[in-house]
Every structure is written in C-alpha cells, then in structure tokens.
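Each remark here refers to the structure printed beneath this line.
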Amino acid sequence: MSFIVVISVALGILYGIFYSDSFIVINLGFLSQSTLAILLLSVGLDIGSNKSALSGIKDKIYSVLIVTLSVIFGSLFGGIITASLFKMPWNEGLAISAGFGWYSLSGVILTNIGNAELGSIAFLSNVFRELITFIFVPIIAVRLNYLSAIGPAGATSMDTTLPIISNNTDSNTAIIAFINGVILSALVPILVPLLYTVM
C-alpha cells in the first residue's frame, strides 16, 4: 500500500507539471473534497455496519486517552528535539509541533502571531507529517499494532488520513482514530498560540 501511495504522489506531481491547464488541475479543490467525502462516507459505512464497534464505544475511552496523550507528548517532545537541533527557540519548535498535522491552520496562526517564515515552516512540516502518515501507516499497522498506526496522523486521523487508517486496521481502531482527530483538532487553535507566547 505504501508503494502505491508514493507512486500516486509521484504521478500526480508529473501530471501537474506537464498538464497544469487540464480540467483535473483547474478543479483540483472540488475533486479533492469530493473524493475525501466519498472516502469518509465509506469509512462511516464500515463503522456503522459493525454494530459491535459502536456498542463498545465506552470501552474505547481508555484507548483514546492513551493514544491522544501519546500523540500530544510525542509531538511536543519531537518539537523540542527539532528546535534544539536547528538552534530554534523552544517556543517555536513546540508551537510548530502542536499543529499535529493540521497544516492549513497552524501555518496561518504562526504567520499571524510570529512571522511568515515560521508559518511556512509550520505549514511544510505538518504537510510532510500527513504525507509520511500515508506511507508509514500500513507498515506500522503490520509491524507494531493498530493503535500505533494512529499516532503519525495526529489531527488528520479524523479526516484525510482516516481512510488509510481504516483500510489498514479495523473498525474499532477507526473509531478511536476519529475521536483522537477530533480532540487534537480542537486543541490546535489553543495550544499553538499558547505554546508560542507562553514558553
């Protein structure tokens, strides 16, 4: 699956370079949103058809807390390490990592409260996080475990990366991934400016 993702991205880049005026490229926003909606609908159908997954949602609270807290602390620790390696202030490294993969929002927030360079770094690092998720989720699900496959996705586990998580795990994990994404998405607009200004 990871190989297919890499090939798809490479083909998309080549198509965009040589056919930038095509119908697909011009209407890319609409086509992307439509495709994502169909993928999320299929995930919802899969979860909804699994009655046991929905009935045991209270039993998943512990798993959701473990996964979400692990993603938060792991991301922030990674932000500190990266800031140290690149001789950046810790507050900037923490704020960038608190984007949890939500590149559009974290980039805008840090551009507004910091500067365009910081916003660009946040945007790119969170875009790369999402791309890495597409490549490594299938490997992590097989080599480690299903819950670990949620980690790289961060906030995107509720939308763009949910289909690949669902496809490589099971319905129970997809529910946990969705809730994890909702919680992290709610925390991004709080943590990014807080860590930038307070630290």
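Could you please rank L105, L124, L14, placing first whichever residue has the fewest other Cβ atoms within 10 Å of its Cβ?
Exposure proxy ranking, most exposed first: L14, L124, L105.
In a GNM of the chain with a 10 Å cut-off on Cα contacts, which of G107, G78, G154 has the highest mean-square fluctuation?
It is G78.
Mind listing the phi-derived Karplus ³J(HN,Hα) values for the range 130-146, rounded to whole Hz, using 6.51, -1.76 and 1.60 with θ = phi - 60°, and x for any glycine or proline?
Here the 3J(HN,Hα) series is 5, 5, 4, 4, 4, 7, 9, 4, x, 6, 5, 4, 7, 7, 10, 7, 5 Hz.
Expressed in whole Å with the largest first, what are the equivalent ellipsoid semi-axes of the range 2-198 derived from the C-alpha gyration tensor as the square root of 5 times each eigenvalue?
27, 24, 15
As a test of the formula, what do you get for the chain when each DSSP H run with n ≥ 4 contributes -39,500 (n - 2.57) and the sum is divided by the residue count, at 222 nm and rounded to the nearest 500 deg cm²/dmol?
About -25500 deg cm²/dmol.
Using the number of other C-beta atoms within 10 angstrom as an exposure proxy, rank T169, T197 with the fewest first.
T197, T169
Could you tell me the relative contact order of the range 2-198? Use alpha-carbon pairs under 8 Å, at least six residues apart, and round to a whole percent.
That works out to 25 percent.
Give a residue-ordered list of calculated ³J(HN,Hα) values for the range 95-112 (Karplus: 6.51 cos²θ - 1.76 cosθ + 1.60, θ = phi - 60°; whole Hz; x for Gly, Pro).
Couplings: 5, 5, 5, 6, x, 6, x, 7, 5, 5, 6, 4, x, 5, 4, 6, 5, 6 Hz.
Which of I80, I26, I72 ends up with the largest GNM mean-square fluctuation for the chain, with Cα atoms connected below 10 Å?
In this elastic network of the chain, the residue with the biggest mean-square fluctuation among I80, I26, I72 is I26.
Counting only chymotrypsin sites (Phe, Trp or Tyr not before Pro) that are in a DSSP loop and have at most 16 other C-beta atoms within 10 Å, tell me the longest site-free stretch of the chain.
With chymotrypsin sites (Phe, Trp or Tyr not before Pro) excluded where exposed in loops, the chain gives 87-199 as its longest stretch.
Rule-based calculations on the coordinates, nothing more; no lab input. What you see is a predicted model; the values in this text were computed from it and never measured. All Cβ positions, glycine included, derive from the backbone under ideal geometry; neighbour counts span all protein chains shown.
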